[in-house]
Each structure stands twice: as structure tokens, then as C-alpha cells.
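What follows is a short report on a single structure.
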Amino acid sequence: MAERVFIDHVGHAGDGVAFTEGRNVFVPYTLGGETVEGEPVAGHPDRRRLVRVETASPQRIAPFCRYFGTCGGCAIQHWQMEAYRAWKRRIVVDTLARADIGCAVDELVDAHGSGRRRITLHARRSAGGELRTGFAAPHSHAIVAIEDCPILDAGLKGALDAARALAAALTPVGKPLDIQITATEAGLDVDVRGSGALSPRLIASMARLAGQFRLARLTRHGELVLMRKPPTLTIGTARVTLPPGSFLQATAAGEHILAGLVMDHCKGARQVADLFCGVGPFALRLAATSRVAAFDSDAAAVAALQKAAASTPGLKPVKAEVRDLFRRPLLPSELRDVDAVVFDPPRQGAQAQVELLAKSHIPIVVAVSCNVTTFARDARILVDGGYRIERVTPVDQFRHTPHVELVARFARKR
């Protein structure tokens, strides 16, 4: 049965927050100051499904995507941009304040650019034979079939058609399929996962589809099915051939903005260590002026970085090494010749590595983060270890979602 609630504010997860009977209740797609009707969600006593907005906020706008509210990709398309940007910056300010980290926070930098350049689509066929290919519904494993997505980069043109065709050929009843697609300079790079063992007939069918949709490369669980052209991206002055399914920043603008901040913070450093380096979005740019030691647990990414660096004239030496920095973080003695360290870990942060950085004498540490909560924890460790946080810049690469990234510069106190 629907109940009427007043939305106090938008929480850090993007849902409206109401206070009901002494506890918080979360209602998605609502804004502060609105009165709405919401229905209880089975198994989630603190959540409500939005039924109707009774009194709308003056900041409410019409969503631009026909799937908004059913697809789980975007949480916020219904809020005026100025208010949305202030809220996203406030997430960073509030999280740092809770960790007792006092520092100035720059204005939010928009990094949506021309849109997302990589996506992972899901496909599943029902017992009745219906095939759905699209994105997951909010808080659910159900798949919302989509025909178009307005936040995608033009380089992903044809990606949805290719995904549907591959899913039709490969998806048995009840078995989920994941299709990761990346826009590269050579065309679409596609890696399919979850298909199970493939017969020669299905492999031949995949190869035909790769040709039909002019895919740069098609792989299955990283194993090559067909490559028309090596899928490459230019990073700085280097050209990198991407490993199958490799991690990239979600937008090209995001990569350029994050890298620009990192390079600015490392200016003047002769030797830089790039931790969690991936395929080298920072290392290959930093090498224009600095010697770089790069580390990551992904052997394929490290190999791609090393090959790109070795084949690019004009770069300072780059040494890339495979290393699990969660299990084997770099010791201060291994970093004694380093002028600056850059670290860009996954969402869980880099606590083990940061605890050792806090014991080092490295003059400059630059943190890049996609999770404000784990960043605040790691920043607290560095501050307690004698670093001062000089600058924090929030970056909005995932527009229309509650996810915010940031770059921060730490300097060792003298």
C-alpha cells in the first residue's frame, strides 16, 4: 500500500531521503522538498518504490532517456544541472569532513565529454524463448532490453546491434551472457563472457558476425575469435594495443582530465612511480618528462604498456612490472629514488600500500580515486603519517549517477 512521504534531501547514493517513524526511508528518482507516494519494496523495509510525485521540486526536469527509471544505468536525469553538480561536489566535502580531513575542495569538473566509450551489456533467454539484451534493472539482476542509449560515445555506434546478434547466437535458456564493448580507433573491440563451451559451428557463427558488424576484434573470455584490425588507442604520443576486456576510463574526456591533473601535480619530478598503472593512461604521458616505474597485477595490461613505451620515440625510460600491490605493496626502500608516487586503485582503495607510503620520505603523493569513502580512509592514513593534503579536485566522469572521482595532491611536511 502506498504511503505519502516528504523528501528531505538527496542522499549520497542518489535516492531521496525521507524521515519516517524515526528512521530513514529511501525513494529513488525524488528530490529534496518533494512530497511523494511510495510503495514498500519486499525485503527492503527502508526502501520505497516511487508511485507518484505529488508536489514536485522546482529543480525537477524531464529525463532525456526513455528507459530512465527502469534501466539501472542512470540514477539522476531528473535534476537541474546546477543543483546536481553542487550535490555531487558535496558528496566529496561531506565524506572528507566525516574523516576529519580539512582541505579545500575544487569545483566539480565535468568529464562526460562525448559519452561512455565502453559498456557491458547483459543477455538472458527465458524458458519461453524470449531473449533480452541490455542493462540490469535497478537493484536487480533482471535485464532491461534497450534499443538505444543516449549517453554513449559515437564510437559505440552499432554496438547494441552487434550485442543483440551475438546474444541471439550464443545465449542458451537461463544462462546469462556478458558482452563487453569498447570503442577504439580501429572500431569496436568485443569480449564475450559466460557462453560456456563453444562448438566449431558457434565459433564460425561468431566469426561471421564479427565480419558482418566490422568489429575490430572479437574475443571470448579473452581468447581470440577474429581480429580485423588491432584495437588501439592513442595515449599521449604512444599507441597502445588493448588487451581483451581491458580496463579504461569510462570516457575519453575523463582520461584526459584525470591525466592532466596527475601531470600537473607531478610537475618537476624526475622519477615517478605509477601504481595500479593499467595500460598506462598516466605512465605514458608522464614519460614525456619523467622516468617512470609502473606496477599493476594485470600482466596483459603491463605488457601492453611496456610495448607501447618501447615503440614510442621521445619518451623517458619506462619500466613496467607485474606486481600485486594488495599482497606485495612496494616498500619505502624500493621507492627511495622516487620524487612522486601516483596511485589509482580499484574501488577498495589501497590501504596496504598507503600504510607504507605514509612511512616513506617521498615528497609528493598523488591519489586518484573512484570511491570517495576508501579515498578518505587512505587520505587519513597519509595525513596521520605526516603528509598534508594540498588540493582535491572532484571529477564527474559518470554523469547522471552518484559516482564521483577525484584527484588529490599530498606533500610531505618538512
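The values are calculated or read from the model by the stated rules, or taken from the named source; none is laboratory data. A quick note: this is a predicted structure, and the numbers were derived from the prediction, not measured. Counting neighbours? That spans all protein chains shown, and the Cβs are built from the backbone with ideal geometry, glycine included. In case anyone asks, the SASA skips ligands and DNA or RNA and just uses the protein heavy atoms, side chains included. Shrake-Rupley method; radii C 1.70, N 1.55, O 1.52, S 1.80 Å.
Per DSSP H run of at least 4 residues, take -39500 (n - 2.57); add these up for the chain, divide by its residues and hand me the 222 nm value, nearest 500 deg cm²/dmol. Could the numbers behind the result be given before it?
Numbers: 8 runs with 93 residues, N = 414.
Here the helix-only value at 222 nm equals -7000 deg cm²/dmol.
In terms of solvent-accessible area of protein heavy atoms at a 1.4 angstrom probe, what is the ranking of Ile7, Ile143, highest value first?
Heavy-atom accessible area, descending, gives Ile143, Ile7.
In Å², what does the accessible area per residue of the stretch 1-49 work out to with a 1.4 Å probe?
52 Å²
For the pair Arg327 and Thr289, what calculated FRET efficiency results from E = 1/(1 + (r/R0)^6), where r is the Cβ-Cβ distance and R0 = 41 Å, to the nearest 0.05? Each step should come with its number before you reach the end.
Numbers: r = 32 Å, r/R0 = 0.77.
In this case the efficiency is close to 0.80.
Please work out whether the stretch 257-414 counts as rounded, prolate or oblate from its C-alpha gyration tensor, where a ≥ b ≥ c are the square roots of the eigenvalues and a/c under 1.5 means rounded, while otherwise a/b larger than b/c means prolate and anything else oblate? Each step should come with its number before you reach the end.
Values: a/c = 1.42, a/b = 1.19, b/c = 1.19.
Verdict is rounded for the stretch 257-414.
Please tell me the relative contact order of the chain in percent, rounded to the nearest whole number, where contacts are Cα pairs under 8 Å and at least six residues apart.
13 percent
Report the label-to-label distance for Lys157 and Phe6 in nanometres (one decimal), using points 7 Å from each Cα along the Cα→Cβ vector.
Going from the Lys157 label point to the Phe6 one covers 5.1 nm.
Does the chain classify as rounded, prolate or oblate by the C-alpha gyration tensor (a ≥ b ≥ c root eigenvalues; a/c under 1.5 gives rounded; else a/b over b/c gives prolate, otherwise oblate)?
Numbers: a/c = 2.08, a/b = 1.10, b/c = 1.90.
Here the chain falls in the oblate category.
Would you mind classifying the stretch 1-133 by shape? Square roots of the alpha carbon gyration tensor eigenvalues, ordered a ≥ b ≥ c; an a/c under 1.5 is rounded, otherwise it is prolate if a/b is larger than b/c and oblate if not.
Details: a/c = 1.74, a/b = 1.15, b/c = 1.51.
Note, shape of the stretch 1-133 comes out oblate.
Given an 8 Å cut-off on Cα distances and at least 6 residues of separation, report the relative contact order of the stretch 12-63 as a percent. Display every interim value, and only then the final one.
Working: 84 pairs, mean separation 15.5, N = 52.
Dividing the mean separation by the residue count of the stretch 12-63 yields 30 percent.
Report the semi-axes of the equivalent ellipsoid for the stretch 128-180 in whole Å, largest first, where each axis is √(5λ) for an eigenvalue λ of the Cα gyration tensor. Show your work: numbers first, answer last.
Values: eigenvalues 78, 43, 15 Å².
They are 20, 15, 9 Å, listed largest first.
What aspartates and glutamates could a cross-link reach from Lys88, if we take a straight Cα to Cα line under 13 Å and drop same-chain neighbours fewer than 8 places away?
The qualifying aspartates and glutamates are Asp15, Asp106, Glu107, Asp110, Asp396, Glu405.
Could you tell me the extents of the stretch 143-210's C-alpha atoms along the three principal axes, largest first, rounded to whole Å?
If we take the Cα atoms of the stretch 143-210, the spans are 34, 28, 15 Å.
Could you tell me what percent of the accessible area of the chain is made up of carbon and sulfur, with a 1.4 Å probe and every protein chain present?
On the way: 9990 of 18770 Å².
Looking at the chain in its full context, I get 53 percent from C and S.
Suppose the chain between Ser140 and Asp94 were pulled fully straight at 0.36 nm per residue; how much longer would it get relative to their current alpha carbon spacing? Before the final figure, lay out the partial values.
On the way: separation 46, 0.36 × 46 = 16.56 nm, distance 2.86 nm.
Here the segment from Ser140 to Asp94 would lengthen by 13.7 nm.
Which entries in Lys319/Lys359; Lys316/Lys413; Lys157/Lys229; Lys267/Lys319; Lys267/Lys359 show an alpha-carbon gap greater than 27 Å? Walk me through the numbers before you get to the answer.
Details: Lys319/Lys359 24 Å; Lys316/Lys413 29 Å; Lys157/Lys229 17 Å; Lys267/Lys319 19 Å; Lys267/Lys359 23 Å.
Violating the 27 Å limit, Cα to Cα: Lys316/Lys413.
How big is the C-alpha Rg of the stretch 144-275 next to the rule-of-thumb value 2.2 N^0.38 Å, as a ratio? List each step's numbers first, then the result.
Working: Rg = 17.4 Å, N = 132, 2.2 N^0.38 = 14.1 Å.
So the stretch 144-275 has a normalised radius of gyration of 1.24.
Below 8 Å between Cα atoms, with a sequence gap of 6+, how large is the relative contact order for the stretch 275-414 in percent?
Numbers: 259 pairs, mean separation 26.4, N = 140.
Relative contact order here is 19 percent.
Evaluate the charge dipole of the chain about its Cα centre and quote only its size in Debye, nearest 20, assuming +1 on the Cβ of each Lys and Arg and -1 on the Cβ of each Asp and Glu.
Details: 53 positive and 42 negative charges, 221 e Å.
Approximately 1060 debye in magnitude.
Given the whole protein assembly as supplied and a 1.4 Å probe, what does the accessible area of Cys277 come to in Å², nearest 10?
10 Å²
Measuring from centroid to centroid over Cα atoms, what is the spacing of the stretch 197-233 and the stretch 283-345 in Å?
Using only Cα atoms to place each centre, the spacing works out to 31 Å.
What's the Kirkwood radius of the stretch 190-259 in Å, using all Cα pairs?
Numbers: mean 1/r = 0.0734 Å⁻¹.
The Cα-based Kirkwood calculation yields 13.6 Å.
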